[in-house]
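These notes concern the structure reproduced below.
Quick note: the coordinates plus some simple rules give every number you see, no bench work behind them. As the structure is a computational prediction, the values presented were derived from the model and not from experiment. Quick reminder, even Gly has a Cβ in these numbers, built from the backbone with ideal geometry, and neighbours come from all protein chains shown.
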Amino acid sequence: MSIDRAKTARGAIAGAVAAVVWAVQQPIDKRVFDVDYDDCELLGAAVTDGPGVVPAGWALHTLNGALFGAAYANLAPRLPLPSWARGPAVALVESTAAWPGTAFIPSLHPRGERFPKLWGSAPAFAQATWRHLLFGVVMGELERRFNAPEVEEVPPSYEHVVSTNGHGSLENALVTITPVAGPDEGGDDAE
């Protein structure tokens, strides 16, 4: 399998943009789902503490999105799904597969005690599903547009109009003549 670097880079951009959209809307979905969980904070708090958590978290979250988008750009054409469904499907599969890992946040994360209990929480699972669905839709659509096959401008063919002699086609020049009904055939009779 060969990897097209330009296609991969465009996929990475799509993934990074989708990750930023995800992060920007988190304050809204925290209120909707009533779960005070922030993915950027989780990532940032894994590598630092204090005021550096937010910038580190945003950077790591955007990087994760870019890596996911780069991989997706190479995987998407091989998926037996309509192009509009590929991004959401891949993101939701990843979310569902990774969800059991939330059970280990309190014990394995360096600052796990800061975060709400996610494993076993239906609202938290719904929130994660929403976030991944949003990410998948944005990333999938951007990647599809960024990596759309280039359509060559094909000049119109006039072959059906012009014959090889350069004077046109006799078949297209003939006009079908419809006979006009005469007096014996039910036309207007002058009696």
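Key figures for this structure:
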item: Radius 12 Å from Cβ of residue 106, net charge of other residues (Lys, Arg +1; Asp, Glu -1); result: +2
item: Residues 108, 142, sorted so that the one with the fewest Cβ neighbours within 10 Å comes first; result: 108, 142
item: Overall Cα dimensions of segment 5-146, principal axis frame, Å, largest first; result: 41, 30, 26
item: Span from the segment 102-136 Cα centroid across to the segment 1-52 one, whole angstrom; result: 14
item: Pairwise FRET efficiency - residue 78 versus residue 5, Cβ, R0 = 22 Å, nearest 0.05; result: 0.75
item: Taking 41, 143, 94 and counting other C-beta atoms within 10 Å, the order from fewest to most; result: 94, 41, 143
